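One structure is given here, and the rest of the page talks about it.
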Amino acid sequence: MKIHRFLGLFFLTDPEEDIEDAGTIHQITRVLRLHEGSRIILGNMKGKEALCEISEVGEFNIRVKILEVKTITRELPREVSLFCSVLKGSNMDLVVQKATETGVSFIIPITTAYTVKPSIRKDRLEKIAKEATEQSGRGTVPQILSPIPFAEAITLFQGDLMLFFDPSGERIPQDKVSVAKHVGVFVGPEGGWTQEEISLAKERLAIVCSLGPLVLRAETAAIIAPYLALSLPPMVS
């Protein structure tokens, strides 16, 4: 039987814990119809989670008994920051959901020369990321920043490797990714990058990479690219 997970600002240090967030209470009581005696998992978004049993259900409060506390070890050893051009419609929602499931640490929307929609609903994307974190069993929710121009993003990134994805690029340098601790992944808009943007990426020592001979949709590339950057195993010295 599936045990549902919920993230929040929980302490997980006492024998009992109170759930007071209205959205979580609604999800537990009205959507999932859980009750006293049901078991759930609470995560504190700081690397800890607890198996709990619901002991009391009120209109504005749910009390649980903590049965076991664990340190979450499912996070991947490499950090990936996804710099994705703001996409149209629900495509940005999809990218945030799937990038969260694959293990991305930061999602930074960027605006480029061909970006059609320059704004996001940050609160909506944060909610999607939180739900995807709960579903996937992660311990931390990726941080979502407000949109910034591409030229600013590629200048400010402080990691040790930047992968800039464009059909004109080379294969992903597995040897460089394997030793990297923090990788920046740059994915352009529906209309692609301009030559000026590609040149700027090269000036900033980004490696221009390709995802293969086929032309992928922007949202597809924004899901596959960070997954590949995360899935390569660290190089063992």
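We did not get these values from a lab; they are worked out from the coordinates using the rules stated. What you see is a predicted model; the values in this text were computed from it and never measured. Note that each Cβ is placed from the backbone with ideal geometry, even for glycine, and that neighbours are counted across all protein chains shown.
Fewest-first ordering of 59, 190 by other beta carbons within 10 Å of each residue's beta carbon gives 59, 190.
How many percent of the alpha carbon pairs in region 5-71 exceed a separation of 15 Å? Here the tail beyond 15 Å accounts for 43 percent of pairs. If you take the Cα centroid of region 149-178 and the Cα centroid of region 1-53, the two points sit 39 Å apart. For the chain, the share of DSSP beta bridges that are antiparallel, to the nearest 5, is 40%.
Only Lys, Arg, Asp and Glu carry charge here, each on its Cβ (+1 for the first two, -1 for the last two); on that basis the chain has a dipole of about 420 debye about its Cα centre. Rg and Dmax of region 145-189, both derived from C-alpha coordinates alone, stand at 11.6, 32 Å. In this simple spin-label model, placing a label point 7 Å from the Cα along the Cα-to-Cβ direction at both residue 168 and residue 14 gives a separation of 6.1 nm. Each 5 Å bin, from zero up to the one with the longest distance, holds this percent of the alpha carbon pairs of region 66-168: 2, 12, 22, 22, 19, 13, 6, 2, 2, 1, 0.
Note on 85, 55: ascending count of other Cβ atoms within 10 Å places them as 55, 85, the fewest first. Using Cα springs under 10 Å in a Gaussian network model of the chain, which residue among 81, 90, 146 shows the largest mean-square fluctuation? Fluctuation is largest for 90. Spatially, region 122-144 and region 70-100 are offset by 8 Å when compared through their Cα centroids. Considering only 25, 66, 110, the Gaussian network model of the chain with Cα springs below 10 Å gives its largest mean-square fluctuation to 25.
Would you calculate the volume per residue, in Å³, of the smallest convex hull containing every Cα atom of the chain? Could you put the intermediate results ahead of the total?
Numbers: hull volume 33.7 nm³, N = 237.
So the per-residue Cα hull volume is 142 Å³.
Computed over the chain with a Gaussian network model linking Cα atoms closer than 10 Å, the most mobile of 129, 218, 113 is 113.
Can you give the Kirkwood hydrodynamic radius for region 143-237, in Å, rounded to one decimal and based on Cα pairs?
Here the Kirkwood hydrodynamic radius works out to 13.8 Å.
I need 94, 9, 42 ordered by Cβ neighbour count within 10 Å, fewest first.
Details: 94 16, 9 9, 42 22.
Lowest count first: 9, 94, 42.
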